[in-house]
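Here the structure is laid out as structure tokens; the discussion comes afterwards.
The values are calculated or read from the model by the stated rules, or taken from the named source; none is laboratory data. What you see is a predicted model; the values in this text were computed from it and never measured. Here the Cβ is made from the backbone with ideal geometry for all residues, glycine too, and neighbour counts use every protein chain on show.
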């Protein structure tokens, strides 16, 4: 199977985005994903600064090989190439998520399919530069991991169907706050495992993404 960007069309009936509508059958794409979407998540500022720095160094390197302004064009080409490479890598690490409530499965991209009950961790990536605008929820299992952008500068990103399907999918997972041998009850989980959220908080984030600047769940 391929993703929607590659021509995949899921076998999902046209279900209106209303709270009392039946949940759709078959594979449902969770949120819209363009090839650039990964830049809205964790690490964006770091990657932009890093790529810009390497591009500047490349421009200086070409300065001794080719005349101005060709050296600037060569540096720009290096920046574009690095941007494309990092984007491809991040999209491979955190691919487009799909959910099938009929079979209780989540598909990460085109290659990995896991049972919903195998998902046991949910977290909000820690990136202080993005907390006020972009809210990302990351779900992980041993075999797969996905990122869902819940909110960006324009507001909530998930449509009604995606929100309802993802919330129901989370209810069928084993997501919980991590524990350690030194803290078996998880009382200090928010300090020992920063960014992680429990099941109820993960569902609340999906159904009602907090506005920019609003408090995040207490377990975060």
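Residue-by-condition table, conditions (1) modelled with pLDDT of 95 or more; (2) part of a strand (DSSP E or B); (3) loosely packed, with under 15 Cβ neighbours inside 10 Å:
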| residue | (1), (2), (3) |
| --- | --- |
| 151 | no, yes, no |
| 164 | yes, no, no |
| 170 | yes, no, no |
| 175 | yes, no, no |
| 194 | no, no, yes |
| 202 | yes, no, no |
| 210 | no, no, yes |
| 214 | no, no, yes |
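Of all residue pairs spaced 6 or more apart or on separate chains, those with beta-carbon atoms under 6 Å, a first member in region 187-198 that is at positive phi and a second member that is in a loop (DSSP other than H, G, I, E, B) and surrounded by fewer than 17 Cβ atoms within 10 Å (Cβ to Cβ) are 195/126. Residue 60 passes every criterion in (1) outside the structural domain of residue 137 (by TED's automatic domain parsing); (2) loosely packed, with under 14 Cβ neighbours inside 10 Å; (3) modelled with pLDDT of 70 or more apart from (3). When residue 107 is tested against (1) part of a strand (DSSP E or B); (2) surrounded by fewer than 20 Cβ atoms within 10 Å (Cβ to Cβ), just one condition goes unmet, and that condition is (2). Can you report the number of residues in region 63-110 which are out of contact with any strand residue (DSSP E or B) (no Cβ under 8 Å at 6 or more places or on another chain) and either at pLDDT 75 or above or over 30 Å from residue 24 (Cα atoms) (or both)? Residues in region 63-110 being out of contact with any strand residue (DSSP E or B) (no Cβ under 8 Å at 6 or more places or on another chain) and either at pLDDT 75 or above or over 30 Å from residue 24 (Cα atoms) (or both): 30 in total.
The residue pairs whose first member lies in region 106-119 and is at positive phi, whose second member is surrounded by 15 or more Cβ atoms within 10 Å (Cβ to Cβ), and whose beta carbons are closer than 8 Å, counting only pairs six or more residues apart or on different chains, are 109/3; 109/95; 109/96.
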